[in-house]
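In what follows, a structure is listed as C-alpha cells, so that the remarks can point back to it.
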Amino acid sequence: MTTVQTAAGRHALPDGTGHFGPYGGMFVPETLVTPLQELGAAYEEAWNDPAFRGDLDARLRTYAGRPTELYFAERLTRSLGGARIYLKREDLLHTGAHKINNALGQALLARRMGKTRVIAETGAGQHGIATASVCANLGLECVIYMGAVDMERQALNVYRMRLCGAEVRGVNAGQRTLKEAINEAMRDWVTNVRSTHYVLGSALGAHPYPMMVRNFHKVIGEETRRQIMEAEGRLPDELAACVGGGSNAIGFFFDFLDDPEVRLVGVEAGGRGITPGEHAARFEGGKLGVLQGCKTFILQNPEGQIELTHSVSAGLDYAAIGPEHAYYRDQDRIHFAYATDSDALEAFRACARLEGIIPALESSHALAYVMKRAPEMRPDSLLVVNLSGRGDKDVQEASRLIEAGGRE
Ligand SMILES: *Cc1c(COP(=O)(O)O)cnc(C)c1O
C-alpha cells in the first residue's frame, strides 16, 4: 500500500504490507484494518505535500525548539580518555524529550484528516505530556489513558496534562500500568474512529505507525549529519541511542543506514540483570511474537505469555521492540547492547557532574554504553550519543535509588 520516500530515497522499507522482512505488519481486529489503511493513505499524502511539511517544520522550529544542538562533551571526553564524544541535545526540546517531534506530526495529521479528538496512552507520562501540549496548541480535544498505578506514581505529570486541558482516564485492569492503558486506548479508537486519531508514542504497533513515527523523528539524524560535518568535517564513527520502543534510536540512525562506516548501537534496559522478569532487553532472551499490532521480538514465557519487565527508566520498560530494529539487527546493521539500572545511574551522575547536564534515565542507558565504549576507541574517533530527554523528571527517583544503593 505504501512505500516511503526517505531522505536518501533508497530505503523502501517497510514494504506494501508494512513489513520489515519478517517483522512488523498489521495484526489488529478487523474493525481497525480500514482505519489503519486510511491513516496510511492520509499520512502518505500529507508527507508528500510541501505545505504540510513546511507547516510541520515551522512548528518544530518555533514551538518545539528545533534544530537541537550537537554539543561536544569536552569534560566527559577527557575523563574517559578515548573517542571524542558529542551529545545530540534532544533534551532541550519543549516538554523535555524527543517525543514532541512525533506528537506534533501526528496531531497535525489528525487535524488535516478532519479529526477533532486525539487519544494517547502513556506510562510515565512523557508521551502524554507531549500529546496534551500539542493538542492544546492546535485546539484538539485530548484524552490520555494511563494505568491507575502509573497515575499514582506520576501524579505531577497527570497534573501537567490536565493543566493543558487533557482528560486523563485511569485504567484499572490487570497490572494497571502501560500495557492495560494501550488496550483501553485501542478500545476507544475502535469505538470512536470517525472523530478520533490515536497518537501512538513509539516506533511500534501496527503499520503505518512504525514507519510514520520513524519519519517524524528522522530529523534527529538529518540534523546530526549536518552538524557533525560542520564540526568535524566527516561522519562519526559510531552513534549510540537508548531503545525502548525504538523511536529516538531509529530517528537518530535512519539517515546513516547507508553509511556502513558509521556503526549504530542501540542500548536496551538490562534492569537488575538478565533474568526473566528483571529486565527489558528484548534481544537478551526475547522471541518472535505478536504484541499490540505487530510482529517483533518480545519478552515472553515458554507459554507465550508476556513476561513482566523491569527498568529503572519507565520509558524503556516495555516487553516489545520496534520491528525495524529487529530487522536491522538481523542484517547486522544495528548492533545492540544493554545497560543495567546501576550502570545507568552511574552515567546519570557522571553526566551531571562532568557536563552540568542531567540526562533522562532512559538516555543514561546510552551514556552508560558510551562510558564503556569510548575508552576502547582511538582519541581521534567520533562517538555521538542521542540525549533523548532531560532528567528533571527523574531526579527524585534517582536520589532515592542512589541513597538506597549507599553510593552517596
Ligand atoms: C519515551 C522515552 C524513551 C523511549 O522511547 P523510544 O521510543 O525508544 O525512543 C527514551 N528516552 C526518553 C527521554 C523518553 O521519554
Most to least packed among 353-364, 18-29 [average Cβ atoms within 10 Å] = 353-364, 18-29
Förster radius 35 Å - calculated FRET efficiency between Gln305 and Glu38 (Cβ-Cβ, nearest 0.05) | 0.60
Between Gln396 and Glu30, what is the label-to-label distance in nm when each label sits 7 Å out along the Cα-to-Cβ direction?
-> 4.7
Using a Förster distance of 30 Å, how high is the FRET efficiency between Glu261 and Glu222, based on the Cβ-Cβ distance and rounded to 0.05?
-> 0.95
Could you sort 141-149, 376-384 so that the peptide with the highest average Cβ count within 10 Å comes first and the rest follow in order?
-> 141-149, 376-384
Could you state the number of Å between the C-alpha centres of the range 145-192 and the range 360-397?
-> 30
Report, in debye and to the nearest 20, how large the dipole of the chain comes out about its Cα centre when Lys and Arg carry +1 and Asp and Glu carry -1 on their Cβ.
-> 580
Potential lengthening between Ala51 and Thr191 on full extension [0.36 nm per residue; Cα-Cα distance subtracted] | 47.3 nm
For the range 236-381, just say rounded, prolate or oblate: build the C-alpha gyration tensor, square-root its eigenvalues into a ≥ b ≥ c, call rounded for a/c under 1.5, and beyond that prolate if a/b exceeds b/c, oblate if not.
-> oblate
Which whole-number percent is the relative contact order of the chain (Cα, under 8 Å, 6+ apart)?
-> 19
Among the DSSP beta bridges whose two residues both lie in the range 54-162, what percent are antiparallel, rounded to the nearest 5?
-> 40
What helices does the chain have that are whole DSSP H segments, at least 24 Å long along their own axis by Cα, and with mean Kyte-Doolittle hydropathy of -1.0 or more?
-> 30-47
Given charges at Cβ of Lys, Arg, Asp, Glu: the chain dipole, positive-most of Leu308, Met151, Phe20 | Met151
Label model pair Arg378, Glu403: point-to-point distance (7 angstrom along the Cα→beta-carbon line) in nm is 4.8
For the range 85-146, with the dipole built from +1 on Lys and Arg beta-carbon atoms and -1 on Asp and Glu ones, taken about the Cα centre, which of Gln126, Gly114, Gly96 lies farthest toward the positive end?
-> Gly114
List the cysteines of the chain that have no other Cys Cβ closer than 4.7 Å: which are they?
-> Cys164, Cys242, Cys294, Cys351
Here the averaged projected area of the chain, based on the convex hull of its alpha-carbon atoms and given in nm², is 18.1
What size of dipole, in debye to the nearest 20, comes out for the range 38-178 about its Cα centre when the only charges are +1 on Lys and Arg C-beta atoms and -1 on Asp and Glu C-beta atoms?
-> 420
How much length is gained on full extension from Arg61 to Leu235, taking 0.36 nm per residue of separation minus their Cα-Cα distance?
-> 60.2 nm
From the square roots a ≥ b ≥ c of the eigenvalues of the alpha-carbon gyration tensor of the range 148-192, which class results: rounded (a/c under 1.5), prolate (a/b over b/c), or oblate?
-> oblate
Given Cβ charges of +1 for Lys and Arg and -1 for Asp and Glu, the option among Phe216, Gly251, Met229 whose Cα lies farthest towards the positive end of the dipole of the range 191-260 is Phe216
Percent antiparallel among DSSP beta bridges confined to the chain, nearest 5, equals 30
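Bear in mind that the values in this text are calculations on the coordinates, not laboratory data. These figures come from a predicted structure and were not determined experimentally. Here Cβ is always computed from backbone atoms with ideal geometry, including for glycine, and neighbour counts include all displayed protein chains.
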